[in-house]
Amino acid sequence: MNTFEIKTKVVFGDDALSSLSELSYENAVIFTDAFMAKSGNADMIKSLMTGCKNISIFSETIPDPPIELIVKALEFLLEKNTDAVVALGGGSSIDAAKSTILMFGKKTGKRIPLIAVPTTSGTGSEVTKFAVITDREAGVKYPLVSDKLLPDMAILSSELVKSVPPAITADTGFDVITHALEAYISTGANDFTDAFAEKALELCFEYLPKACKDGNDLEAREKMHTASCLAGMAFNDASLGVNHGIAHALGAVFHIPHGRANAMMLYHVMKYNAELEGGKFGECSLACKKMAKIARFVGLPSFSEKQGALNLVNEIKKMSKQLGIPQTLADAGVSKNDYEKAKAHIIKSAVNDACTVTNPRKINSASVETILKGIEFFN
């Protein structure tokens, strides 16, 4: 027997932020980063929370939130006797808030509500039971998985993402594509997750280039915000694959932004998963067939299933180049010497990553090494 649940209330469309006025708590905390605080966005969110009595702001979240940050944030929540958290920011802020609330629950025996307000269209963290924290000393990212990490409400406002620069829009947009595509071909996929992933991919291929070209295109921004949420709903149930396993390892060691690392790997991982490497087209696997189906959805030729899957991965490659995604580790600022030192650790981390478990094609150290060759070009 299987089950499928959507526990997070999603508020979207015009005036979505007005729903903040419906919150009613004694000691609420806005969980965000320094930029959101300095830009005035945190104060704007605070001004809308008219039903809350005391509102504090914790603005120390950083990319790839480390364990030390979670400890510091936990102390802040305990000091403020917090009874609700509003997480404002990208995936790092939301993941840090989720992780801190999980620790708060273990410390106090109370689970406090979490309202997620994403300011990037990428992670889908606002609707998932996943969070990622970093052990800086070990150079490892740890995916946390628990139903207790699910936000109670997600508020999607395109107004909050229209100022995101093109490069970050591209990085986070490819994160959405990766979430949707990995969930779609995951061994944990089902009819429900497929429906979310298909719609997310349809929206991404149409609207991501538009959002990168013109950040003030609010329709494109809204559609990418929706796609991010839909992809989150898909992988929340279906999980992901080795693309995320490798991206987590690259991010932990070289601090490549998560969406960018996913984008760099996507062509090579999907080519591997569809068994298209070497130009030899044998029997089409289930992953290959599903990728061909996506090719048809987004308007690419698909005269055969193998050809359709190939056209999809080639379109991913083409789009990544057009949107300025680094194509090699050198392009991402990684030196050959540093890579060679870390390579064995990256491969081991990717193989052992929790996301790799549901990859549709068998993964071992040799296969990860083969996939990595695609980005191992140095000047």
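Just the number please: accessible area per residue for segment 168-245, 1.4 Å probe, all protein chains included, in Å².
Values: 2280 Å² over 78 residues.
On a per-residue basis, 29 Å².
Using a 1.4 Å probe on the protein heavy atoms, what percent of the accessible area of segment 58-214 belongs to carbon and sulfur?
Working: 3080 of 5670 Å².
For segment 58-214, the apolar C and S fraction of the accessible surface comes to 54 percent.
Do me a favour and compute the ellipsoid semi-axes for segment 112-171 from its Cα gyration tensor, root of five times each eigenvalue, largest one first, whole Å.
Numbers: eigenvalues 105, 72, 12 Å².
Result for segment 112-171: semi-axes of 23, 19, 8 Å.
List the residue ranges in the chain for DSSP H helices whose C-alpha atoms run 27 angstrom or more along the long axis and whose Kyte-Doolittle average is 1.0 or above.
Values: long enough: 166-185 (28 Å, 0.62); 191-213 (34 Å, -0.03); 218-238 (30 Å, -0.09).
Span-like helices in the chain: none at all.
Over segment 68-217, with a single point scatterer placed on each C-alpha, what log10 of the ratio I(q)/I(0) does the Debye formula yield at q = 0.09, 0.15, 0.18 1/Å?
-0.32, -0.86, -1.13
If you bin the C-alpha pair distances of segment 24-137 every 10 Å from 0, what whole percents do you get?
Distribution as computed: 15, 51, 31, 3, 0 percent.
When the accessible area of segment 238-369 is computed with all protein chains present and a 1.4 Å probe, what percentage of it is carbon and sulfur? Mind showing how you got there, number by number?
Working: 2800 of 5560 Å².
On segment 238-369, the fraction of accessible area on carbon and sulfur atoms equals 50 percent.
Can you tell me what share of the DSSP beta bridges in the chain is antiparallel? A percent to the nearest 5 is fine. List each step's numbers first, then the result.
Values: 6 of 27 bridges.
Counting only bridges with both partners in the chain, antiparallel ones make up about 20 percent.
DSSP loop (so not H, G, I, E, B), at most 13 other Cβ within 10 Å: list which trypsin sites (Lys or Arg not before Pro) in segment 9-110 pass both filters. Don't skip to the end; give the middle numbers.
Working: sites: K9, K38, K46, K53, K72, K80, K98, K106, K107, K110; in loops: K53, K80, K110.
Passing sites in segment 9-110 are K53, K110.
Do you know the relative contact order of the chain, to the nearest whole percent, from alpha carbon pairs under 8 angstrom that are 6+ apart?
Worked out over the chain, it gives 14 percent.
Excluding ligands, DNA and RNA, what is the solvent-accessible area per residue of segment 318-374 at a probe of 1.4 Å, expressed in Å²? Present the calculation step by step, with values, prior to reporting the outcome.
Working: 2930 Å² over 57 residues.
Here the per-residue accessible area is 51 Å².
Bins of 5 Å, beginning at zero and ending with the bin holding the largest distance: percent of Cα pairs per bin for segment 317-379, please.
Here the calculated profile for segment 317-379 is 3, 16, 22, 21, 18, 16, 3.
Can you compute the modelled spin-label distance between V71 and N2, with each label point 7 Å from Cα toward Cβ, in nm?
4.2
Step by step: find N for segment 139-241, compute 2.2 N^0.38 Å, then divide the Cα radius of gyration by it. What's the final number?
Numbers: Rg = 14.0 Å, N = 103, 2.2 N^0.38 = 12.8 Å.
That ratio works out to 1.09.
Per residue, how much accessible area does segment 67-143 show when a 1.4 Å probe rolls over the protein heavy atoms, in square angstrom?
On the way: 2750 Å² over 77 residues.
For segment 67-143, the solvent-accessible area averages 36 Å² per residue.
Using R₀ = 30 Å, calculate the FRET efficiency as 1/(1 + (r/R₀)^6) where r is the Cβ-Cβ separation of L218 and K321; round to 0.05. Could the numbers behind the result be given before it?
Values: r = 27 Å, r/R0 = 0.88.
For R0 = 30 Å, the calculated efficiency reads 0.70.
I want to check the label-to-label distance for N314 and D14. Put each point 7 Å from Cα in the C-beta direction and report it in nm to one decimal.
4.4
So for segment 161-294, averaging the separation of alpha carbon pairs under 8 Å that are six or more residues apart and normalising by length, what relative contact order in percent results? It would help to have the intermediate numbers written out before the result.
Details: 183 pairs, mean separation 41.5, N = 134.
Relative contact order here is 31 percent.
The values are calculated or read from the model by the stated rules, or taken from the named source; none is laboratory data. On a predicted model such as this, the values are computed, not experimentally measured, just so you know. Cβ atoms come from the backbone with ideal geometry, glycine included; neighbour counts cover every protein chain shown. Remember, those area values only see protein heavy atoms, side chains included, never the ligands or the DNA or RNA. Shrake-Rupley method; radii C 1.70, N 1.55, O 1.52, S 1.80 Å.
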